[in-house]
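Asks: Please read through the structure below; I'll follow up with questions.
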Amino acid sequence: MSTVSLERNLVISTEKLQETANEIRKLALRAITKANSGHPGGSLSLTDILTVLYFNLLKHDPKNPNWEERDRVIISKGHASPGIYAALSLAGYFEPEEFVNTFRQVRSKFQGHIDRLKVPGVEVSTGSLGHGLSIANGVALGLRLESKKNKVYALLSDGELQEGQIWEAVMASAHYKLGNLTAIVDRNRIQLDGWTEETMALNPLADKFKAFGWEVKEIDGHNFSEIIDSIQSGSQRDLTDKPLLILANTIKGKGVSFMEDKVAWHGVAPKPEELEAALAELTTN
Ligand SMILES: Cc1ncc(C[n+]2csc(CCOP(=O)(O)OP(=O)(O)O)c2C)c(N)n1
Ligand SMILES: [Mg+2]
């Protein structure tokens with residue numbers, strides 16, 4: 001059994017992380033199928049990163065979501081709500097079945113896009129892409145002004161980086177030397193209806209962030225050790241170091257063979273028989 005040792009002196013096996021990630025993926029897909037609506041591809045590509053954060057490295061308290069000492073996770077890709085709700089529910093913020101049974105229903109708090117006022121654990125309401133990094137900058141600056149040690153994580157998608165606002169924010173994070181900020185890009189290479197490089201090329205992405213004054217670590221976004229090491233290196237920086245970008249190479253639809261790297265699974269619900277096949281894969285793998 002391989003293990004990873006953690007900053008807070010916990011040791012969590014990679015098997016346990018994988019098991020948790022599988023459970024998150026299963027809950028997300030069940031909810032999307034029941035609602036017959038939602039975004040599987042970008043939920044599954046983000047899952048391993050969410051798993052490391054919420055089950056491993058993050059300073060947070062699901063019983064006290066507004067705990068002042070918590071790290072702040074600002075998830076800019078708010079359409080990945082099924083994966084986010086699944087992770088938050090398993091972490092203990094609310095009941096998993098409440099989310100699965102009411103996702104995207106009228107009057108449910110579990111809307112298609114995450115809402116801070118409705119769902120405990122959601123730091124910022126998002127869904128309109130492009131805003132998360134600017135918000136994270138403000139939060140990081142505010143915390144630093146008060147000499148607080150809380151870390152700020154901004155989770156971004158890659159198609160989202162085509163928004164002009166992102167690049168204003170990238171400039172500002174570096175200008176203000178936000179050493180308490182780590183941005184993680186879910187680099188699944190696919191956006192709504194095509195490959196990013198064909199729609200509006202982003203490469204060379206690492207070089208672009210470096211040129212803007214960021215430190216960059218490029219990792220396999222499905223390798224738990226790499227995710228942990230990169231996030232830990234971010235959390236060990238001084239408050240006025242360069243901001244850190246973790247460029248996480250991922251696979252859209254990760255974990256379900258027929259969804260992996262398929263543009264078509266960006267925002268389509270599985271049919272019941274497809275759900276069964278997906279759940280079977282996630283149970284045996
Ligand atoms: C400002 C804005 N424009 C359009 C959309 C509609 N939309 C939702 S998801 C998506 C594609 C996102 O692709 P990417 O950012 O790569 O996300 P991921 O692959 O992680 O799902 C789009 C265009 C939106 N949510 N916000
Ligand atoms: Mg993408």
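Asks: For the range 269-280, give me each residue that is part of a loop (DSSP other than H, G, I, E, B) and either touching a Phe, Trp or Tyr at 6+ places or on another chain (Cβ under 6 Å) or surrounded by fewer than 18 Cβ atoms within 10 Å (Cβ to Cβ) (or both). Write out each step before concluding.
Replies: Filtering the range 269-280 for residues part of a loop (DSSP other than H, G, I, E, B) gives 269-271.
The answer is Lys271, and nothing else.
Asks: Which residue out of Arg30, Arg8, Arg70 is at pLDDT 95 or above and assigned to a loop (DSSP other than H, G, I, E, B)? Even if it seems obvious, please write down each step before you answer.
Replies: Details: Arg30 fails: assigned to a loop (DSSP other than H, G, I, E, B); Arg8 fails: at pLDDT 95 or above.
Just one listed residue meets the conditions, Arg70.
Asks: Quick check, is Asn180 within 19 Å of the chain's Cα centre (by Cα), farther than 23 Å from Gly267 by Cα and surrounded by 15 or more Cβ atoms within 10 Å (Cβ to Cβ)?
Replies: Numbers: within 19 Å of the chain's Cα centre (by Cα): yes; farther than 23 Å from Gly267 by Cα: yes; surrounded by 15 or more Cβ atoms within 10 Å (Cβ to Cβ): yes.
Yes.
Asks: Still on this structure: Does Ile135 satisfy the criteria of being among the hydrophobic types (A, V, I, L, M, F, W, C), touching a strand residue (DSSP E or B) at 6+ places or on another chain (Cβ under 6 Å) and in contact (Cβ under 8 Å) with a residue 12 or more places away in the chain?
Replies: Working: among the hydrophobic types (A, V, I, L, M, F, W, C): yes; touching a strand residue (DSSP E or B) at 6+ places or on another chain (Cβ under 6 Å): yes; in contact (Cβ under 8 Å) with a residue 12 or more places away in the chain: yes.
Yes.
Asks: Among Ile231, Ile246, Ile219, which is within 18 Å of Ile12 (Cα to Cα), surrounded by 20 or more Cβ atoms within 10 Å (Cβ to Cβ) and in contact with a strand residue (DSSP E or B) (Cβ under 9 Å, 6 or more places away or on another chain)?
Replies: Going through Ile231, Ile246, Ile219 in turn, the sole match is Ile231.
Asks: Turning to a different aspect of this structure: Output the number of residues of the range 243-266 satisfying the condition of being farther than 23 Å from Glu19 by Cβ and touching a Phe, Trp or Tyr at 6+ places or on another chain (Cβ under 6 Å).
Replies: 2
Asks: For residues in the range 90-129 being among the small types (Gly, Ala, Ser) and away from ligand 1 (no atom under 14 Å from the Cβ), which is nearest to Lys26 (Cα to Cα)?
Replies: First, the residues of the range 90-129 that are among the small types (Gly, Ala, Ser): 91-92, 108, 112, 121, 125, 127-128.
This time we only want the ones that are away from ligand 1 (no atom under 14 Å from the Cβ), so: 91-92, 108, 121.
Numbers: Ala91: 15, Gly92: 17, Ser108: 20, Gly121: 20 Å.
So the residue we want is Ala91.
Asks: Identify all residues within the range 150-166 that are touching a helix residue (DSSP H, G or I) at 6+ places or on another chain (Cβ under 8 Å) and more than 16 Å from ligand 2 (Cβ to nearest atom); write none if there are none.
Replies: The initial filter retains those residues of the range 150-166 that are touching a helix residue (DSSP H, G or I) at 6+ places or on another chain (Cβ under 8 Å), namely 150-162, 165-166.
Residues satisfying the conditions are Asn150, Lys151, Val152, Tyr153, Gln165.
Asks: What residue, among those in the range 42-91 that are within 16 Å of ligand 2 (Cβ to nearest atom) and of a type in the set (Ser, Thr, Tyr), is nearest to Glu123 (Cα to Cα)? Steps first, answer last, please.
Replies: In the first step, residues of the range 42-91 are kept if they are within 16 Å of ligand 2 (Cβ to nearest atom); the result is 42-50, 75-84.
Going one step further and asking which of them are of a type in the set (Ser, Thr, Tyr), we end up with 43, 45, 47, 76, 81.
Values: Ser43: 17, Ser45: 20, Thr47: 18, Ser76: 10, Ser81: 13 Å.
For the range 42-91, the residue satisfying everything is Ser76.
Asks: Output the number of the condition that Thr283 fails; it satisfies all remaining conditions of (1) under 21 Å from the mean Cα position of the chain (by Cα); (2) surrounded by fewer than 21 Cβ atoms within 10 Å (Cβ to Cβ).
Replies: Looking at each condition in turn, Thr283 falls short on (1).
Asks: Quick one: how many residues across the range 246-268 are outside any loop (DSSP other than H, G, I, E, B), over 30 Å from Leu141 (Cα atoms) and not β-branched (Val, Ile, Thr)? Give the derivation first.
Replies: Residues of the range 246-268 that are outside any loop (DSSP other than H, G, I, E, B), as a first pass: 246-249, 263-265.
Pick out the ones that are also over 30 Å from Leu141 (Cα atoms) and you get 263-265.
Narrowing the set further to residues that are not β-branched (Val, Ile, Thr) leaves 264-265.
Looking only at that region, the number is 2.
Asks: Between Asp48, Asp61, Asp115, which is among the charged types (D, E, K, R), part of a loop (DSSP other than H, G, I, E, B) and within 17 Å of the chain's Cα centre (by Cα)?
Replies: Working: Asp48 fails: part of a loop (DSSP other than H, G, I, E, B); Asp61 fails: within 17 Å of the chain's Cα centre (by Cα).
Asp115 is the lone residue from the list that is among the charged types (D, E, K, R), part of a loop (DSSP other than H, G, I, E, B) and within 17 Å of the chain's Cα centre (by Cα).
Asks: I would also like to ask the following. For a quick check of your reading of the model, give me the residue pairs whose first member lies in the range 108-119 and is touching a residue at least 40 places away in the same chain (Cβ under 8 Å) and closer than 17 Å to His39 by Cα, whose second is part of a loop (DSSP other than H, G, I, E, B) and not hydrophobic (A, V, I, L, M, F, W, C), with beta-carbon atoms closer than 6 Å and at least 6 apart or on different chains.
Replies: As it stands, the answer is Gly112/Arg104, since those pairs meet every condition given.
Asks: Turning to a different aspect of this structure: Looking only at the range 183-200, filter to residues that are among the β-branched types (Val, Ile, Thr) and surrounded by fewer than 24 Cβ atoms within 10 Å (Cβ to Cβ); which one of those is farthest from ligand 2 (Cβ to nearest atom)? Reasoning before the result, please.
Replies: Narrowing the range 183-200 to residues among the β-branched types (Val, Ile, Thr): 184-185, 190, 196, 199.
Checking the rest, the ones that are also surrounded by fewer than 24 Cβ atoms within 10 Å (Cβ to Cβ) come to 196, 199.
Numbers: Thr196: 6, Thr199: 10 Å.
So the residue we want is Thr199.
Asks: Additional query: State all residues of the range 164-177 that are within 15 Å of ligand 1 (Cβ to nearest atom) and surrounded by fewer than 19 Cβ atoms within 10 Å (Cβ to Cβ); if no residue qualifies, say none.
Replies: We begin by selecting, within the range 164-177, every residue within 15 Å of ligand 1 (Cβ to nearest atom); these are 164-169.
Within the range 164-177, Gly164, Gln165, Trp167, Glu168 qualify.
Asks: For the range 93-109, name all the residues that are more than 22 Å from Tyr153 (Cβ to Cβ), of a type outside the set (S, T, N, Q) and part of a loop (DSSP other than H, G, I, E, B).
Replies: If the condition is that a residue be more than 22 Å from Tyr153 (Cβ to Cβ), of a type outside the set (S, T, N, Q) and part of a loop (DSSP other than H, G, I, E, B), then Glu95, Phe103, Arg104, Val106, Arg107, Lys109 are the ones that fit.
The values are calculated or read from the model by the stated rules, or taken from the named source; none is laboratory data. From a predicted model like this one, the values you see are computed outputs, not experimental measurements. Cβ sites come from the backbone with ideal geometry, for glycine too, and all protein chains shown count toward neighbours.
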